[in-house]
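The values are calculated or read from the model by the stated rules, or taken from the named source; none is laboratory data. The structure displayed is predicted, hence computed values, not measured ones. Glycine also receives a Cβ, built like all others from the backbone with ideal geometry; neighbour counts cover every protein chain displayed. Areas reflect the complete protein model, heavy atoms only, side chains present, ligands, DNA and RNA absent. Shrake-Rupley method; radii C 1.70, N 1.55, O 1.52, S 1.80 Å.
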Amino acid sequence: MNSEGNSSLKNRFPFRLGTTSYVIPADLKSNCAFLADKVDDIELVLFESHEISNLPDAETLRALREIADRHDLTYTVHLPLDAWMGHADASVRRQSMEKCLRVIELTERLNPFGYIVHFHGDSRGASPSSDLARWQEGHRRAVERLLQVVSPEDLCVETLDYPYRLIEDIVFDYGLSVCLDIGHQLLCGINPFEYLDLYLTRTRVLHLHGVEEGHDHRSLAGLPDGLLAVLVNRLGDRPEKTRVLTMEIFDEGALNESMNVLRRVLP
């Protein structure tokens, strides 16, 4: 195993460097313990379905809190990926909201740095819905409900595969934060510097991952030449605003390689 890849990058950048809670083939607690001395933040990827759930119990939550306190660690919480809050079916919207509220209530004791939410389209691609007005209104109502339990700044709406301008009014009107997923932008052929110019001032969390042969969530070695250095410099322009940059990868080897790539652009 690459010893250089295992050494810490905590407190080395003008942002909180993070990665996901699924890097080694183990449970949530084991992953957080493994990562706590390497990064500043861990993205908790949580899910719940009829067949399987990884929602932490009280004992696990106590352990995660202790790990965070011991290692100056924060958590970002990714709300469930199977939440469809703009869906045409009211029962689907209601069930989706219940899932998100359950995760928020469960993780509140961890004092998360932010909650990441997807405004899923009815279909994939540049047009998220054939009934855009209904879809947008559904997400407005969802945001109003979520803001009863979280602060606007903590709710970070992620960039997906459709133009962010289709939802930016919702983000701006309610004072929400942006989650810039640069890997998604690269996969969809969107210029990440264009989104940085438009949305960096409202960005609280960034997701970064390489793209190789049409697949994202790969090592940062798969990023275009020069992008990482420019990104680190841009994030250092306003060090008074705390942000999290999450290496959104799910493999220890990819993490080690990504950390080695990051060492080359240390300020």
Amide H neighbours of Leu155 under 5 Å, at least 5 residues apart or on other chains, H built in the peptide plane: list them.
Tyr115, Ser177
What's the Kirkwood radius of the range 132-174 in Å, using all Cα pairs?
10.9 Å
Normalised by the residues of the chain, what does the relative contact order come to in percent, with Cα pairs under 8 Å and at least six apart?
21 percent
Value of relative contact order over the range 1-153, rounded to a whole percent, pairs C-alpha under 8 Å and six or more apart
19 percent
What does DSSP give for the chain in terms of the percent of beta bridges that are antiparallel, rounded to the nearest 5?
10 percent
Row for the range 54-213, column shape: gyration tensor on C-alpha, a ≥ b ≥ c, rounded if a/c < 1.5 i.e. under 1.5, prolate if a/b over b/c, else oblate; value oblate
Counting lysine pairs in the chain that sit 8 or more positions apart or on different chains, with Cα atoms under 29 Å apart, gives 6
Other-chain or far-sequence residues with amide H under 5 Å of His217's (modelled H)
Gly210
Please list, in order along the range 146-158, the HN-Hα scalar couplings obtained from phi with the Karplus expression 6.51 cos²θ - 1.76 cosθ + 1.60 (θ = phi - 60°), rounded to whole Hz, x for Gly and Pro.
5, 6, 6, 10, 10, 7, x, 5, 7, 8, 10, 8, 7
Antiparallel content of DSSP bridges confined to the range 37-182, in %, to 5:
5 percent
Show the residues, 5+ positions off or on another chain, whose built amide H is closer than 5 Å to the amide H of Glu43.
Thr19, Thr20, Ser21, Thr76
Across the range 255-267, in residue order, what do the Karplus-derived ³J(HN,Hα) couplings come to in whole Hz, using 6.51 cos²θ - 1.76 cosθ + 1.60 with θ = phi - 60° and x for Gly and Pro?
5, 4, 5, 5, 5, 5, 4, 5, 4, 6, 10, 4, x
From the backbone phi of the range 184-195, what are the Karplus-calculated ³J(HN,Hα) couplings (6.51 cos²θ - 1.76 cosθ + 1.60, θ = phi - 60°) in whole Hz, Gly and Pro given as x?
4, 5, 5, 5, 8, x, 8, 6, x, 5, 4, 5
Dimensions (Å) - the chain, Cα atoms, principal axes, largest first
52, 43, 37
List the Cys residues of the chain that have no partner Cys with a C-beta closer than 4.7 Å.
Cys32, Cys100, Cys188
Classify the range 123-198 from the C-alpha gyration tensor, please: rounded if a/c falls under 1.5, else prolate or oblate depending on whether a/b exceeds b/c.
oblate
The answer for GluC sites (Glu not before Pro) in the range 198-251 that fall in a DSSP coil and have at most 15 neighbouring Cβ atoms within 10 Å is Glu213, Glu240
Estimated 222 nm signal from helices in the chain, with DSSP H stretches of n ≥ 4 weighted -39500 (n - 2.57), rounded to 500:
-11000 deg cm²/dmol
Relative contact order, percent, the range 147-255 [alpha-carbon distance under 8 Å, six or more residues apart]
22 percent
Give me the percent of accessible area attributable to carbon and sulfur for the range 49-176, probe 1.4 angstrom.
48 percent
For the range 153-255, share of DSSP beta bridges that run antiparallel, in % to the nearest 5
15 percent
Mind checking the per residue accessible area of the chain for me, 1.4 Å probe, whole number of Å²?
44 Å²
